[in-house]
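Q: Input: one structure, supplied below.
The values are calculated or read from the model by the stated rules, or taken from the named source; none is laboratory data. Worth saying up front: this structure is predicted, and the values here are computed from it rather than measured. Here the Cβ is made from the backbone with ideal geometry for all residues, glycine too, and neighbour counts use every protein chain on show.
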Amino acid sequence: MDVAIAPSILSADFVNLEAELARIASADFAHVDVMDNHFVPNLTLGLPVVERIVQVSPVPIDTHLMIEDPDQWAPGFAEAGAASVTFHAEAARAPVRLARELRRLGARAGLALRPATPVEPFLDLLGEFDMVLVMTVEPGFGGQSFLEGTLPKIRRTRQAISEQGLDVWVQVDGGISAATVERAADAGANVFVAGSAVYGSEDAAARIAELRELARASHRH
């Protein structure tokens, strides 16, 4: 279970996205938040922009769909070339069917849970997903503070994955920084989304390396 760092371009300069993607060329993924102003009270990028980001990004694209009706819209992001497509459990009507469709289209399928959504209903279905995203803030806006209360859910998720002998990643998104990444890693996360922590840094590559090393050190312990 190696560590992956996925900087969120929600904190990037949207006028210069290609240059901003180049700043994170040492990351494992670029995390792209898609919001529809319905599922969350914010509006960001749509499919045409994501399709173009896939074409110019130096790293694979990890899309996080904070949208209503992902059953209809999520497959389009896999078809556009996103390496990973994560949709919300609270929005999907048939999460397993959708995950299988995303995999058929060649993308990794991720299931996202808001802070107040329990993981327990999905523990018997973990093998249908490639990743579980435990939101560590309320989805919708960048720059929020990490919610300590999500750590037990991260632990339960990782424990269930280990007990079932599965290769499912656990991603955390929200308030991830040098101050919080070790606690999330210690709880069992291995994919870390960091927006302002990376893009707010003078040297994005150095910050990515720092986060990766802190998370790896926590796993070693």
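Q: Pairs under 6 Å by beta carbon, first residue within 12 Å of Arg216 (Cβ to Cβ) in region 182-197, partner at pLDDT 95 or above and in a loop (DSSP other than H, G, I, E, B), six or more apart or different chains?
A: Asn190/Val3; Phe192/Ile176
Q: Output the residues belonging to region 198-214 that are under 14 Å from Arg23 (Cβ atoms), hydrophobic (A, V, I, L, M, F, W, C) and in contact (Cβ under 8 Å) with a residue 12 or more places away in the chain. I'd like the intermediate steps shown before the answer.
A: So in region 198-214, the residues under 14 Å from Arg23 (Cβ atoms) come out as 198-209.
Those still in the list that are hydrophobic (A, V, I, L, M, F, W, C) too: 198, 204-206, 208-209.
Val198, Ala204, Ala205, Ile208, Ala209 - these are the residues of region 198-214 that are under 14 Å from Arg23 (Cβ atoms), hydrophobic (A, V, I, L, M, F, W, C) and in contact (Cβ under 8 Å) with a residue 12 or more places away in the chain.
Okay, residues lined up against (1) in contact with a strand residue (DSSP E or B) (Cβ under 8 Å, 6 or more places away or on another chain); (2) within 25 Å of Phe192 (Cβ to Cβ); (3) in a loop (DSSP other than H, G, I, E, B):
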site: Asp62; (1), (2), (3): yes, yes, no
site: Leu65; (1), (2), (3): yes, yes, no
site: Glu68; (1), (2), (3): yes, no, yes
site: Leu98; (1), (2), (3): yes, yes, no
site: Leu111; (1), (2), (3): yes, yes, no
site: Pro115; (1), (2), (3): yes, yes, yes
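Q: Could you tell me whether any residue of region 138-155 is hydrophobic (A, V, I, L, M, F, W, C), crowded, with 22+ Cβ neighbours inside 10 Å and at pLDDT 95 or above?
A: Of region 138-155, the ones hydrophobic (A, V, I, L, M, F, W, C) are 141, 146-147, 151, 154.
Then drop every residue that is not crowded, with 22+ Cβ neighbours inside 10 Å, which leaves 154.
Checking which are at pLDDT 95 or above leaves us with 154.
Within region 138-155 (the criterion being hydrophobic (A, V, I, L, M, F, W, C), crowded, with 22+ Cβ neighbours inside 10 Å and at pLDDT 95 or above), the answer is yes, since at least one residue qualifies.
Q: For region 172-179, does any single residue satisfy the condition of being in contact with a helix residue (DSSP H, G or I) (Cβ under 6 Å, 6 or more places away or on another chain), surrounded by 15 or more Cβ atoms within 10 Å (Cβ to Cβ) and part of a helix (DSSP H, G or I)?
A: no
Q: Scanning region 1-33 for residues that are of a type in the set (Asp, Glu) and part of a helix (DSSP H, G or I), which turns out surrounded by the fewest Cβ atoms within 10 Å (Cβ to Cβ)?
A: Pass one, region 1-33, residues of a type in the set (Asp, Glu): 2, 13, 18, 20, 28, 33.
Subset that is part of a helix (DSSP H, G or I): 18, 20.
Working: Glu18: 12, Glu20: 18.
Once the filter is applied, the top-ranked residue is Glu18.
Q: Ok, one more. Can you find even one residue in region 34-48 that is assigned to a loop (DSSP other than H, G, I, E, B), farther than 23 Å from Glu210 by Cα and within 14 Å of the chain's Cα centre (by Cα)?
A: The answer is no, given that none of the residues of region 34-48 is assigned to a loop (DSSP other than H, G, I, E, B), farther than 23 Å from Glu210 by Cα and within 14 Å of the chain's Cα centre (by Cα).
Q: Within region 72-93, can you find the residues that are buried (at least 24 other Cβ atoms within 10 Å of the Cβ) and closer than 18 Å to Val56 by Cβ?
A: Taking region 72-93 and keeping what is buried (at least 24 other Cβ atoms within 10 Å of the Cβ), we get 74, 77, 82, 84-88.
Within region 72-93, Phe77, Ala82, Ser84 qualify.
Q: Has region 96-108 got at least one residue that is under 30 Å from Arg216 (Cα atoms) and either surrounded by fewer than 19 Cβ atoms within 10 Å (Cβ to Cβ) or among the aromatic types (Phe, Trp, Tyr) (or both)? Even if it seems obvious, please write down each step before you answer.
A: Within region 96-108, the subset under 30 Å from Arg216 (Cα atoms) is 99, 102-103, 106-108.
Now narrow it down to the ones that are either surrounded by fewer than 19 Cβ atoms within 10 Å (Cβ to Cβ) or among the aromatic types (Phe, Trp, Tyr) (or both): 103, 106.
There is at least one residue in region 96-108 that is under 30 Å from Arg216 (Cα atoms) and either surrounded by fewer than 19 Cβ atoms within 10 Å (Cβ to Cβ) or among the aromatic types (Phe, Trp, Tyr) (or both).
A quick yes/no check of all residues on (1) β-branched (Val, Ile, Thr); (2) in contact with a helix residue (DSSP H, G or I) (Cβ under 7 Å, 6 or more places away or on another chain); (3) in a helix (DSSP H, G or I):
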position: Gly127; (1), (2), (3): no, no, yes
position: Val134; (1), (2), (3): yes, yes, no
position: Val137; (1), (2), (3): yes, no, no
position: Gly142; (1), (2), (3): no, yes, no
position: Ser145; (1), (2), (3): no, no, no
position: Leu151; (1), (2), (3): no, yes, yes
position: Arg156; (1), (2), (3): no, no, yes
position: Gln159; (1), (2), (3): no, no, yes
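Q: Would you check which residues across region 187-206 are within 18 Å of the chain's Cα centre (by Cα) and outside any strand (DSSP E or B) and list them?
A: Our first condition is that a residue be within 18 Å of the chain's Cα centre (by Cα); within region 187-206, this holds for 187-199.
Matches in region 187-206: Ala187, Gly188, Ala189, Asn190, Gly195, Ser196, Ala197, Val198, Tyr199.
Q: Next question, about the same structure. Looking at (1) touching a residue at least 40 places away in the same chain (Cβ under 8 Å); (2) crowded, with 20+ Cβ neighbours inside 10 Å; (3) touching a helix residue (DSSP H, G or I) at 6+ places or on another chain (Cβ under 8 Å); (4) more than 27 Å from Leu43 (Cα to Cα), which is the one condition that is false for Leu166?
A: The number of the failed condition is (2).
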